[in-house]
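Before any comments, here is the structure.
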Amino acid sequence: MIIDFHTHIFPKKIRSNREKFFNNEPEFKLLYESPKSKMVGAADMILNMDETGVDKAVIFGFPWHSYDTFRLNNDFIMESVDRYPDRFIGMCCLDPFHEKAEQETIRCIQGGLSGVGELAFYESGFDGYTLNKLAPIMKICLEKNLPILIHTNEPVGHKYPGKAPITLLEIENLAVRFPDNNIVLAHWGGGIFFFNLLKKVMKEHLKNIYFDTAASPYLYDASIYRLAMEIAGEGKILFGSDYPLICPKRYFNEFEKSGLTDEQISRISGINAAKILNIGL
């Protein structure tokens, strides 16, 4: 079974009038102001899944600042899961700084969603204030044994829209603050898994941290899949396409070229995701 752990879908109201949602949403405007930034709905996602052989997709919207907008998008995620229960696994996405973030998280989980994410902190990084705001959501996910997906990026290299001022120390602090949560770090966790090679501390700090492959064809050489499995562990890597940013086929081609075994490809493509999503294969 192939499970895509990282995809975005939006309701028609947002897709057809994205400009109306730019106000007070600078991160959304930054990422979606260009008409080349593709947005899709549930039916489009299913079509792509059928074309590329993806069995299930984890779907979510965007970490909107507006309560009305993240509720709108989360409602759409819940409706999409209800419409395609065998294909979609939904996550609650919102701004953790909002005063109703905890309330919305509870509502979404009671509505059938299977975790929280992709949360993003494009301006603040993971400072102490941010971690405090995350704590109530982390507590809910821990009690329900649900994963939480958080946007990270490498702190070096070229600049691109959505690259946040996140340091490796901040990512480590996130892991240390919430050691019992199953946390999935998007975009390879900014490369922090390389420090699993350290003899002390980091293996313990990263014990419940997973890494998705979202945007990898844009960011890393294909050898990262093999190296990541060797360094972080074969159970820690989750295929995530970030569709519609990148089509899943590009990842599958890279898997084949990277020197992974069939068993390793199966782990990345679905076995690992199924484990933390508590679904059988």
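Of note, residue 63 satisfies the criterion of being buried (at least 18 other Cβ atoms within 10 Å of the Cβ) and part of a loop (DSSP other than H, G, I, E, B).
What number of residues within region 94-108 are surrounded by 17 or more Cβ atoms within 10 Å (Cβ to Cβ) and aliphatic (A, V, I, L, M)? Going through region 94-108 one residue at a time, the tally reaches 2.
Across region 109-146, what is the number of residues that are closer than 20 Å to residue 71 by Cα and either without any contact (Cβ under 8 Å) to a residue 12 or more places away in the chain or not hydrophobic (A, V, I, L, M, F, W, C) (or both)? Residues flagged as closer than 20 Å to residue 71 by Cα and either without any contact (Cβ under 8 Å) to a residue 12 or more places away in the chain or not hydrophobic (A, V, I, L, M, F, W, C) (or both) within region 109-146 amount to 9.
Matching residues to (1) closer than 21 Å to residue 148 by Cα; (2) outside any helix (DSSP H, G or I):
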| residue | (1), (2) |
| --- | --- |
| 235 | yes, yes |
| 241 | yes, yes |
| 249 | no, no |
| 255 | no, no |
| 265 | no, no |
| 269 | yes, no |
| 272 | yes, no |
| 275 | yes, no |
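Being surrounded by 19 or more Cβ atoms within 10 Å (Cβ to Cβ) and either among the aromatic types (Phe, Trp, Tyr) or farther than 22 Å from residue 168 by Cα (or both) is a description that applies to residue 239.
The residue of region 188-208 that is surrounded by the fewest Cβ atoms within 10 Å (Cβ to Cβ), among those that are closer than 15 Å to residue 240 by Cα and without any contact (Cβ under 8 Å) to a residue 40 or more places away in the chain, is 190.
Only the coordinates and a few stated rules stand behind these numbers; no lab work does. Computed from a prediction, not measured in an experiment: that's the story for all the values here. All Cβ positions, glycine included, derive from the backbone under ideal geometry; neighbour counts span all protein chains shown.
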